[in-house]
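Rule-based calculations on the coordinates, nothing more; no lab input. Small disclaimer: the values here were computed from a predicted structure and weren't measured. Glycine also receives a Cβ, built like all others from the backbone with ideal geometry; neighbour counts cover every protein chain displayed.
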Amino acid sequence: MKIAFVGKGGSGKSTMSSLFINYLQKNGRSVIAVDADINVHLPTLLGCQIESCNALSLPANSLKIKAYLKGSNPRIKQAASIVKSTPPGEGSCFLTHQADNPILSSFSSPIGNAGFLLHVGTYDKDGIGESCYHTNLAIFESLLSHTLLKDDEWLVADMVAGTDAFAGTLHAQFDAIVLVVEPTPEGVSVFKQYIELAEVAGVQEYIYALGNKVDDDEDISYLKEHIGDKLIGSLNRQVYLKRSRQSGEAIDIEKIDGIEEVFDLIAEVTRRNKETETHRIAILHELHRKHAQADYIVARHGDLTEQIDPDFSLHDVKV
C-alpha cells in the first residue's frame, strides 16, 4: 500500500506521517518512509539520522536510480530519458521492501524494526533565483510508479504542502492521500482546492481529510460542515505531543487519545483502494502522454509516448 499525508504548513502532516509509521510498525507492518517535503522534518520525528549525500534528487543519485529502474526495459532507450511520468514496462526494475534492494541499500536509513527512510532532499542554496523544488520531486515520482509491495508492506510519504501534488503525477500515485486539516478557514480552503483538482483529475475517491488540533465539538461540526463525508476522523489538540517535541522525547502513540482507531480506518480504506490500482495506472499513462508532448521534453528526448507498454501489468511481476 502507498499512502501520503498532505496539508498546509503547520497543520501537523509531518507529525501524522511519523505517527502513522509508528502505528504500522507497532502492528507488525513493514514500512518504507519517504520524506518528500522541502523542510525534511520526518527524520527527527522518527528519531533517525540521514545523510545529505543520500538525497534522491541529487543529480548523481537520480541518474543511478534511473539506471536501476530502466533495467532491461526495451522501451527506455537510456536512463537519462526516464522522466517523472515514465511508466514501468516489461524488463523494468522496482523499489521493493528488501534490505538488498539497490535503492534502499544505497540511499536509505533504518527506522524501527525492518523499516527504511528515504528523503528527496531540501532546496539547494545554489538554486536560489533559478530552480524550483518541484524539479527535485521528479525522481520520487519515478520511484513511486516503480514500487512493488506485498500486502503487509507500506510506503508512507510526508508530502509537499497543499495542491503542489498536481504539478506532476503525485496526485495519482497513492492508494490514499490524507489531508491533515485544522478547523480553520485556511485549513478547509486547502482541502477544498485539493478536492476540486482531484475531481478534475479523476482521483477524488482516494482523497480523505483528517481533522487535527480539534478543541471541542464545535470544531468537529465545523469540519463536517465544510468537508462532509471525506472527513475520515479527527484528533484533539495534544499537549502531550507538543511537550514531547519540545523535549526531544520519543512519542508514544498509546498516550494519544483516539489515534489508533482513526489510523485503523485510514489503513482500511487504503487497503480497499489498492484494488483499484489498474485505474490509477491508466491515469498515469494519460499523464505521461500529456507530459511527453511538452516542447522541452520533445526537444530533449524526442517522442517518449513509446515508453508506454500497454500490455504490462504490475500484477504479473513477482516481488
Loop sites only, by DSSP: take the GluC sites (Glu not before Pro) in the chain that have at most 16 other C-beta atoms within 10 Å and name the longest stretch containing none of them. 131-248
Give the shape of region 17-174 as rounded, prolate or oblate, defined through the alpha-carbon gyration tensor: a ≥ b ≥ c are the square roots of its eigenvalues, a/c under 1.5 means rounded, and otherwise the shape is prolate if a/b is larger than b/c and oblate if not. oblate
Residues whose built amide H sits under 5 Å from the amide H of Val181, excluding neighbours closer than 5 in sequence, are Leu210, Gly211, Asn212
Residue-span extension gain [Asp295 to Gln49] - 0.36 nm each, minus C-alpha spacing: 84.5 nm
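Give me Cys48, Cys93 ranked fewest to most by other Cβ atoms within 10 Å of their Cβ, as a rough exposure proxy.
Details: Cys48 17, Cys93 20.
Exposure proxy ranking, most exposed first: Cys48, Cys93.
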Shape call for region 145-269 from the C-alpha gyration tensor, a ≥ b ≥ c root eigenvalues: rounded (a/c under 1.5), prolate (a/b greater than b/c) or oblate? oblate
For Thr276, Thr96, what's the fewest-to-most ordering of other Cβ within 10 Å of each Cβ? Thr276, Thr96
State the label only: which of (i) 30, 56, 13, 1; (ii) 19, 28, 24, 20, 7, 2, 0; (iii) 33, 59, 8 corresponds to P(r) over Cα pairs in 20 Å bins from 0, in percent computed from the shown model? (iii)
Using the Cα centre as the reference, give the magnitude of the dipole from point charges on the C-beta atoms of region 2-316 (Lys, Arg: +1; Asp, Glu: -1; all else neutral), rounded to the nearest 20 debye. 800 debye
What list of ³J(HN,Hα) values in whole Hz, one per residue of region 170-186 in order, does the Karplus curve 6.51 cos²θ - 1.76 cosθ + 1.60 (θ = phi - 60°) give from phi, with Gly and Pro shown as x? 4, 5, 10, 9, 10, 6, 7, 10, 10, 8, 7, 10, 7, x, 9, x, 5
Could you check the simple spin-label distance between Asp316 and Thr184, using points 7 Å along Cα→Cβ, in nm with one decimal? 5.1 nm
Through the Karplus equation 6.51 cos²θ - 1.76 cosθ + 1.60, θ set to phi - 60°, convert the phi angles of region 215-223 into ³J(HN,Hα) values in whole Hz; use x for Gly and Pro. 9, 7, 5, 5, 4, 5, 4, 4, 5
DSSP bridge pairs, region 2-316: antiparallel proportion in percent, nearest 5: 10 percent
Listing His146, His291 by rising number of other beta-carbon atoms within 10 angstrom, fewest first, gives His291, His146
